[in-house]
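Worksheet: the structure to be examined is printed underneath.
The values are calculated or read from the model by the stated rules, or taken from the named source; none is laboratory data. Predicted model, so just to flag it, every value in this text is computed and none were measured. Don't worry about glycine lacking a Cβ; one is built from the backbone with ideal geometry, like all the others, and counts go over all protein chains shown. Note: accessible area is taken over every heavy atom of the protein model, side chains too, but ligands, DNA and RNA are not part of it. Shrake-Rupley method; radii C 1.70, N 1.55, O 1.52, S 1.80 Å.
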Amino acid sequence: MSEKTGGCARPTGAVVGENLIAENGELSKKETTVVTAKVGTKAPDFEAPTYYKGEFTSIKLSDYLGKWVLLCFYPGDFTFV
Amino acid sequence: MSAVAANYDTLQSLGVEVISVSVDSQFVHKVWNDQELSKMAKKDIPFHMATDGPGNVGKIYGVYDEAAGVELRGRFIIDPDGVIQAMEVMTPPVGRKMSEAIRQIYAFQHVRKTKGAEVCPAGWSPGKKTLKPGPELVGTVWKEWSPFENH
């Protein structure tokens with residue numbers, strides 16, 4: 001977890017290991033293979049900016065190894081359910 | 001999400017960290033917390049609210065709805081080894097029930113504590129009978145467990 005200032009450029013969540021900068025400096029296109037999470041397999045690692053207790057910061061899933069994690073996706077803020 | 005926040009103390013007592021993810025920005029998460037969630041949960045959201053604008057994370061978890069540009073309701077229980085033990089995915093109009101997620105966490109933690117020597121049958125909740133898989137149990141589960149008594 002590192003503290004980040006909230007700039008105007010909008011950082012977003014990304015899968016760890018994707019979109020690596022190649023040695024020639026070009027952004028390598030990620031393979032079209034989509035890893036889909038399955039029970040009984042490793043949870044795909046990701047990094048994402050977060051809002052946490054008044055701060056703009058970020059998380060990386062693999063930093064939580066050794067702990068149980070409840071990962072909850074939902075349609076959107078200010079939705080009704 | 002306010003329901004998760006309201007159950008956060010229970011989750012913490014089980015050693016569970018919570019991460020929520022939607023396509024909304026951190027800035028919208030802040031305003032949602034300040035304007036609405038904190039009023040529903042009677043406290044500020046105590047966990048990380050992550051942002052996944054283009055659905056990069058949702059796509060690999062199989063919960064990103066490309067047509068609508070939002071995440072589906074997807075809930076994953078991940079163990080300390082980083083392995084997904086349970087997942088539940090629902091379309092948006094129906095909400096989840098936190099007590100079911102918590103029941104599953106109790107069950108997976110129990111199985112892990114016994115190193116798989118005990119398993120949790122249908123409808124199990126803490127304090128109820130577990131089963132011990134082995135040769136003696138093959139074909140004799142009916143003696144040990146009844147859906148009428150234990151479910």
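Tabulated values for the structure
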item: Average beta-carbon neighbours from other chains, 10 Å sphere, peptide B:5-17; result: 2
item: Kirkwood Rh (inverse of mean 1/r, distinct Cα pairs), the protein assembly as shown, angstrom; result: 19.2
item: Shielding by partners, peptide A:56-63 (average Cβ within 10 angstrom, other chains); result: 3
item: Computed magnitude of the charge dipole of region B:2-113 (debye, nearest 20; Cβ of K, R +1, Cβ of D, E -1); result: 380
item: Which of B:Phe27, A:Phe46, B:Phe148 is most accessible, then next, and so on - probe 1.4 Å; result: B:Phe148, B:Phe27, A:Phe46
item: Area accessible to solvent at A:Thr79, 1.4 Å probe radius, in Å²; result: 50
item: Where labels lie 7 Å past Cα in the beta-carbon direction, separation of B:Lys128 and B:Asp81 in nm; result: 2.6
item: Within 10 Å of each Cβ in B:62-75, the average number of Cβ atoms from other chains; result: 3
item: Ranked order, B:Asp79, B:Asp65 - accessible area, probe 1.4 Å, largest first; result: B:Asp65, B:Asp79
item: Sequence ranges B:41-48, B:125-132, B:54-61, ranked by mean other-Cβ count within 10 angstrom, highest first; result: B:54-61, B:41-48, B:125-132
item: Excluding exposed DSSP-loop GluC sites (Glu not before Pro) (at most 16 other C-beta within 10 Å), longest clean stretch of chain B; result: B:1-65
item: Whole-Å distance, taken between Cα centres, linking region B:108-130 and region B:20-87; result: 29
item: Nearest-ten-degree value, helix B:98-113 long axis tilted from longest Cα axis of chain B; result: 50
item: Label-to-label distance, nm, for residues given as B:Glu144 and A:Thr36 (7 Å Cα→Cβ offset); result: 3.4
